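> First the structure, which I've put down as structure tokens, then a few questions once you've had a look.
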Amino acid sequence: MSDTPRDDLDAPVSAPPEHDGPGLDFGAPAAAPPAPAPGMGAYRVLARKYRPQNFKDLIGQEAMVRTLRNAFSSGRIAQAYILTGVRGVGKTTTARILARALNYEPMDGAPGGPSLDLDVPGRHCRDIIESRHVDVMEMDAASNTSINDIREIIESARYRPVMARYKVYIIDEVHMLSTAAFNGLLKTLEEPPEHVKFIFATTEIRKVPVTVLSRCQRFDLRRVEAGVLAEHLKGICAKEGVAIEAEALSIVARAAEGSVRDSLSLLDQAIAHGGGQVSAEEVRRLLGLADKGRVIDLFEALMKGDMPRALHDFRDQYDSGADPAVILTDLAEFTHLVTRLKIVPEAANDAALVEAERVRGGEMAKGLSMRVLARAWQMLQKGIGEVQQAPKPVQAAEMVLVRLAYAADLPTPDEALRRLKDQPAPSPAPGPAPSGGGGGGARLSLATATALPQPAPARAMAAPVEAGPRLSSLADVVALASEKRDLMLKLAVETQVRPVKFEEGHIELALAPGGNALVVQDIARKLTEWTGRRWLVSLSQDEGGSTLAEEKQARRAEREEGIRAHPLVAAVLARFPGAEVVDVRTRDDDAGAALPPAEEDAYAGPGPDDEIEY
């Protein structure tokens, strides 16, 4: 047997012999095959790779860091903290950093206490950050919701920490705990052992019982502003050696909506999509967004009322892959930006704005009125909902743009009133002109020229048509019924119906308790007969106001109350015990009654020649 295989086995592993012939080569280690791409198999996503390690790495949470720093420096460390905020703003990361600060001990064993200065890693820092420290326990309340899970925490909290200064319990998504679990935690949370600290994190702070909130120090983690987020992403791209356009950073920062984790996930996807070089156009295609410059062009065309150009720009964006609802959303976002720039011009310094938004948005803010912008915003908000629910979103979006373009050049109500006031008063209509003509030809306009060849219609129009009475309230209907001597209808209108809406030719009524629904038909028929115009009277489901009889009774009660307070009347009532104020009448009431002559004689009271019987 040859010794070659033995020599091969004895060869150093670091320098295995080359194997040129066929067969198996057992000398090479298993991890040596052809050079894989750097880091393949051990890649960590950017959201984990650049997770903050200390409070200096946190962005956008300066208020919380300042409060904690002052509390730690003065020794006012609470027994429980609760962190709340939207997704991806750093609640769990902050909880780990806070646990690290509570248990910070220098590597050299120098004496010290809790500290927020974590630039130099301490003895427990790495284990806490990697979630493998024996005294820092993390629990996901979404999968550990029962009282038994809390009972284990309560039992273990009695024992002192093994290595660190404090035993820290981090409970993520704490709002998912059951009611029994919350109740079981209350006593320990209020009076924990001196070596125990609790840190809670939740996205649904309203679902946490107030009894728990009152025992914790609360911190609301804010959404990170788009400009701050764009700068943060720029620094990460520089560390990763990725070339990315400033506009692409702005698009990613806006799409993240204040979430750092979402922005890093989008950036990771954009880097993979662009092959290491990220452009704004690639990011827009990736996210299904419209080009910001083209959105501004579309907005400009709509504000100018240039509908053909607006439809062409919209179709171009749609053909490029932009969703119709997204295009309208971008238009609404730009409308909001222009409004902000009109109110606060300094908003143009926002780092998240691209150059086109900053320059052209400022120009449009100077040229558009606030009412036009507000009207465009309302129409776009309504249109976005229509497009999302429409079976054919493209057509719905185009109709929204048509409405917006044709409304853009309409005057606002105050402008229309101003124009009407500025117009000269119209001259009185001239009578039938003699055949010889006359002056004033410049004032006749087209209507007169059209009427000259048709004298017959002109003569017909010259004869005025007697107009019926104009009604504006139920009181007018009652007065008309009294004038027409229809006392039954007058009584029905006063007592059986309540007014809901009253317009010329249209009345909406609600029946009073005990009212007859047929009275509506009688009112419509009689009003059409008396006024010579068609009236539509309908019943409404609304409650309506008070009946005329109820209003009259209320006025009478108010008058009686007022007359009783009069000094003379009060003196009479005091002088004659048992006397009562039965009714109060005014001269206006007597004059406004408008009774027929016969009834007026009946109610006029005794005259000087009448005999009075007692």
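> Name the pairs: first residue in the range 509-538 and closer than 14 Å to E494 by Cβ, second residue among the basic types (K, R) and in a strand (DSSP E or B), Cβ to Cβ under 8 Å, at least 6 apart or on different chains?
Hits for this filter: L509/R498; L511/R498; A512/R498.
> So which pairs qualify, if the first residue must be in the range 171-198 and without any contact (Cβ under 8 Å) to a residue 60 or more places away in the chain, the second must be in a loop (DSSP other than H, G, I, E, B) and among the charged types (D, E, K, R), the Cβ gap must be under 6 Å, and the two must be at least 6 apart or on different chains?
Taking only residues 6 or more apart or on different chains, the pairs are H175/E204; E190/R215; H195/R160.
> If you don't mind, another one. Out of (1) within 19 Å of G60 (Cα to Cα); (2) in a loop (DSSP other than H, G, I, E, B); (3) open to solvent by less than 10 Å² (accessible area, probe 1.4 Å), the odd one out for A95 is which?
In the conditions (1) within 19 Å of G60 (Cα to Cα); (2) in a loop (DSSP other than H, G, I, E, B); (3) open to solvent by less than 10 Å² (accessible area, probe 1.4 Å), A95 misses (2) alone.
> Name the single residue, out of those in the range 495-508 being open to solvent by 50 Å² or more (accessible area, probe 1.4 Å) and charged (D, E, K, R), that is farthest from P469 (Cα to Cα).
Once the filter is applied, the top-ranked residue is K501.
> May I pose another question? Step by step: first the residues of the range 540-552, then only those that are surrounded by 13 or more Cβ atoms within 10 Å (Cβ to Cβ) and of a type in the set (S, T, N, Q), then the one that is nearest to A492 (Cα to Cα). Which residue is that? Reasoning before the result, please.
The initial filter retains those residues of the range 540-552 that are surrounded by 13 or more Cβ atoms within 10 Å (Cβ to Cβ), namely 540, 544-552.
Now restrict to residues that are of a type in the set (S, T, N, Q): 540, 546-547.
Working: S540: 17, S546: 14, T547: 10 Å.
Top of the filtered list is T547.
> Among the residues of the range 509-539 satisfying the criterion of being small (G, A, S) and open to solvent by 30 Å² or more (accessible area, probe 1.4 Å), which is nearest to Q496 (Cα to Cα)?
To start, the set of residues in the range 509-539 that are small (G, A, S) comprises 510, 512, 514-515, 517, 524, 532, 538.
The next check asks that each one be open to solvent by 30 Å² or more (accessible area, probe 1.4 Å); those that pass are 514, 517, 532, 538.
Working: G514: 7, A517: 9, G532: 25, S538: 14 Å.
Looking at residues that are small (G, A, S) and open to solvent by 30 Å² or more (accessible area, probe 1.4 Å), I get G514.
> Quick test for you: out of P114, P106, P121, P161, pick the one residue that is closer than 23 Å to A47 by Cβ and outside any helix (DSSP H, G or I).
Values: P114 fails: closer than 23 Å to A47 by Cβ; P106 fails: closer than 23 Å to A47 by Cβ; P161 fails: closer than 23 Å to A47 by Cβ.
Only one candidate qualifies: P121.
> May I ask you to list the residues in the range 123-147 that are among the small types (G, A, S) and farther than 13 Å from V174 by Cα? Step through it out loud before you land on a result.
Kept after step one, since they are among the small types (G, A, S), are these residues of the range 123-147: 131, 141-143, 146.
Answer for the range 123-147, where residues must be among the small types (G, A, S) and farther than 13 Å from V174 by Cα: just S131.
> Moving to a separate point now. Within the group E240, E245, E190, E204, which residue is under 30 Å from A157 (Cα atoms), surrounded by fewer than 19 Cβ atoms within 10 Å (Cβ to Cβ) and over 30 Å from the mean Cα position of the chain (by Cα)?
Numbers: E240 fails: under 30 Å from A157 (Cα atoms); E245 fails: under 30 Å from A157 (Cα atoms); E204 fails: over 30 Å from the mean Cα position of the chain (by Cα).
Answer to the check: E190.
> In the range 207-237, how many residues are of a type in the set (A, V, I, L, M), open to solvent by less than 80 Å² (accessible area, probe 1.4 Å) and more than 22 Å from the chain's Cα centre (by Cα)? Give the steps one after another, and end with the answer.
Kept after step one, since they are of a type in the set (A, V, I, L, M), are these residues of the range 207-237: 208, 210, 212-213, 221, 224, 226, 228-230, 233, 236.
From what's left, open to solvent by less than 80 Å² (accessible area, probe 1.4 Å): 208, 212-213, 221, 224, 226, 228-230, 233, 236.
Right, trim to more than 22 Å from the chain's Cα centre (by Cα) and you get 208, 212-213, 228-230, 233, 236.
Count: 8.
> Output the residues belonging to the range 69-87 that are crowded, with 21+ Cβ neighbours inside 10 Å and more than 23 Å from T188 (Cα to Cα).
G85
> Among the residues of the range 248-261, which ones are over 19 Å from Y43 (Cβ atoms) and either open to solvent by less than 60 Å² (accessible area, probe 1.4 Å) or part of a helix (DSSP H, G or I) (or both)?
Going through the range 248-261, the residues over 19 Å from Y43 (Cβ atoms) turn out to be 248-260.
Matches in the range 248-261: A248, L249, S250, I251, V252, A253, R254, A255, A256, G258, S259, V260.
> So, one more: When residues of the range 553-581 are filtered for being open to solvent by less than 60 Å² (accessible area, probe 1.4 Å) and among the polar types (S, T, N, Q), how many remain?
The number of residues fulfilling the criteria is 0.
> May I ask you to verify whether A201 is not in a strand (DSSP E or B) and not hydroxyl-bearing (S, T, Y)?
Values: not in a strand (DSSP E or B): no; not hydroxyl-bearing (S, T, Y): yes.
In short, no.
> Is it the case that G75 is farther than 30 Å from G275 by Cβ and modelled with pLDDT of 75 or more? Break it down into steps so the answer makes sense when it comes.
On the way: farther than 30 Å from G275 by Cβ: yes; modelled with pLDDT of 75 or more: yes.
Taking the combined requirement at face value, the residue satisfies it.
> Step by step: first the residues of the range 68-92, then only those that are in a helix (DSSP H, G or I) and not basic (K, R), then the one that is nearest to C125 (Cα to Cα). Which residue is that?
The residue in question is T92.
The values are calculated or read from the model by the stated rules, or taken from the named source; none is laboratory data. As the structure is a prediction and not an experimental result, all values here were calculated from the model. All Cβ positions, even for glycine, are placed from backbone atoms using ideal geometry, and neighbour counts span all protein chains on display. For accessibility, only protein heavy atoms count, side chains too; no ligands or nucleic acids. Shrake-Rupley method; radii C 1.70, N 1.55, O 1.52, S 1.80 Å.
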